[in-house]
Amino acid sequence: MARSATTPELEKEKRRKWILLITLVLSLAVMLTSLFFLAKIRGWRVRKNDQSLLAIVNENTPVPADSGQTLAFIDDAYMIDARCAAELEQMLLDCRLAGNDPQILAAYRSESEQRELLNAMTEDLTAAGYEFETAREMASEQIEQPGHSEHQLGLAVDIGGKESGDGTNRWLDEHAWEYGFIRRYPDGKEDITGKACAQDHFRYVGLNAAKQIHELNITLEEYVSMFYGN
Ligand SMILES: [Zn+2]
């Protein structure tokens, strides 16, 4: 009698152990699969990017010494890195076809042109009555130091609109990523980019990175640290 009373208990106990084991194995399998896919997605995202297009240039980080880019003319008056010339041209064309009037305001600048720009604004301010030091400081708030402007990379372009300025802006907001460009200094991200929101400044990062940055709604700094950081 005693034996038949304990058998169902033993069976139950055995079943519980099996269920626990299966649950453990299944959880482990799910975890490993997720890890595998996460690693794969990360690797895939990284592999599809040309890292030289993701160079970060800001107040703290100067233009890399080896950025010997090949430049191409755009609109006869401006130069841009040849790797994004066709995309920029197509973007401007499509923006115009959508009824806007985009105008290039700035593109590639050499280090000496950057210096001239800063000096010119400093001179304007001293002519307006400011002390040199104050004038230099004020100018530096708006114009990057030589060696610290993205325009020196040849991958940045300032685009404004003439009559339908808002339309150009809206269109670029929606479509720039389709051509590999991102709005580099978005509103509300000043603490990350170190720059005030700039509506007209676009940066080429390549089609793959631009799509992801657009989808994730992040800055270039965040993207690089997410996928290339330690
Ligand atoms: Zn700019």
Tally of Lys pairs whose C-alpha atoms are under 30 Å apart, taken over the chain, 8 or more apart or cross-chain: 11
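Of the heavy-atom accessible surface of the chain (probe 1.4 angstrom), what whole percent is carbon and sulfur?
Numbers: 7990 of 14170 Å².
The value for the chain is 56 percent carbon and sulfur by accessible area.
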Cut-off under 5 Å, modelled amide H: who pairs with residue 106 long-range: 158
Probe 1.4 Å - accessible area at residue 101, Å² to nearest ten: 40
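When only C-alpha pairs under 8 Å and at least 6 residues apart count, what is the relative contact order of the chain, in percent? Write down the numbers at each step before the final one.
Values: 285 pairs, mean separation 47.8, N = 230.
Relative contact order for the chain comes out at 21 percent.
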C-alpha long axis of helix 2-47 to longest principal axis of the chain, angle in °: 20
Cα-based shape type of segment 71-123, given that a ≥ b ≥ c are square roots of the gyration tensor eigenvalues and the cut on a/c is 1.5: oblate
Range of Cα positions in the chain per principal axis (Å), largest first: 110, 45, 34
The chain - charge dipole about Cα centre, Lys and Arg +1 at Cβ, Asp and Glu -1, debye rounded to 20: 2520
Extended-chain gain in nm, criterion 0.36 nm per residue less alpha-carbon gap, residue 38 and residue 141: 33.0 nm
Extent along principal axes [Cα atoms of segment 142-185; Å; largest to smallest]: 33, 23, 15
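The values are calculated or read from the model by the stated rules, or taken from the named source; none is laboratory data. The structure presented is a predicted model; accordingly, all values stated were derived computationally and were not measured. Cβ sites come from the backbone with ideal geometry, for glycine too, and all protein chains shown count toward neighbours. What goes into the accessible areas is simple: the full protein's heavy atoms, side chains included, and nothing from ligands, DNA or RNA. Shrake-Rupley method; radii C 1.70, N 1.55, O 1.52, S 1.80 Å.
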